[in-house]
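The block underneath contains the structure these notes are about, expressed in structure tokens.
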Amino acid sequence: MSILLTRKIALISLLAALSIVGRIYMSSIPNVQPSTVIIIIAGLVFGARFGLTLALLTAIGSDFMLGFGFFTVMQVIAWGVIGLLSGFLARFRMKIPMLVMACYAGGCGYLYGFVVSLNMLIGGVPSFITYWIMGLPFDTYHAIGNLAFYIILSPILIRLLEAEKKKLQI
């Protein structure tokens with residue numbers, strides 16, 4: 001196994017651990033956790049595939065402690081979509097002001113809630129709409145938390161990940 005592959009595996013493992021521990025640690029505050037922002041930043045720096053992988057590891061890893069259900073699949077899909085979108089934004093990241101990116105992170109809180117709510121389509125459109133609307137206060141907590149976590153974490157985490165990206169020559 002090459003040293004670069006080992007470093008990539010170690011990096012994604014470290015980010016997954018940070019995301020999982022952050023989610024578990026913050027679980028007492030509904031929907032406020034740094035996982036979404038860590039996935040966004042990883043996608044912005046390393047691309048869509050990296051963000052998608054981190055989304056999968058975060059959802060499954062944190063649900064070992066918080067509990068599994070069909071919602072785990074929806075969490076993987078929701079965070080995966082966010083990781084992919086962030087990866088596609090990567091080429092424009094330097095041109096987008098930090099405040100706009102923080103608002104994007106906040107919007108991802110609503111996107112996450114919407115995608116996770118899609119599992120209620122099994123009961124029909126009225127069930128989905130009711131479930132989604134009832135979840136909007138929690139999506140708002142998620143959005144506000146994402147905005148704050150992005151402002152706090154992005155200057156440090158992006159700089160660290162960019163330095164690691166140069167070492168990995170990705």
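Odds and ends about this structure:
Condition check ((1) among the aromatic types (Phe, Trp, Tyr); (2) out of contact with any Gly (no Cβ under 8 Å at 6 or more places or on another chain); (3) surrounded by fewer than 18 Cβ atoms within 10 Å (Cβ to Cβ); (4) in contact (Cβ under 8 Å) with a residue 24 or more places away in the chain) across all residues:
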site: Leu66; (1), (2), (3), (4): no, yes, yes, yes
site: Val76; (1), (2), (3), (4): no, yes, no, no
site: Leu99; (1), (2), (3), (4): no, yes, yes, no
site: Gly107; (1), (2), (3), (4): no, yes, yes, yes
site: Met120; (1), (2), (3), (4): no, yes, no, no
site: Met134; (1), (2), (3), (4): no, yes, yes, no
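- The range 78-91 - residue that is farther than 10 Å from Leu52 by Cβ and hydrophobic (A, V, I, L, M, F, W, C) and, of those, surrounded by the fewest Cβ atoms within 10 Å (Cβ to Cβ): Phe88
- Scan the range 63-83 for residues that are touching a Ser or Thr at 6+ places or on another chain (Cβ under 7 Å) and over 20 Å from Thr140 (Cα atoms) and the total you get is 2.
Taken together, the values in this text are just the output of simple stated rules run on the coordinates, not laboratory data. What you see is a predicted model, and the numbers here were worked out from it, not measured in a lab. Cβ: placed from backbone, ideal geometry, glycine included. Neighbour counts: every protein chain shown.
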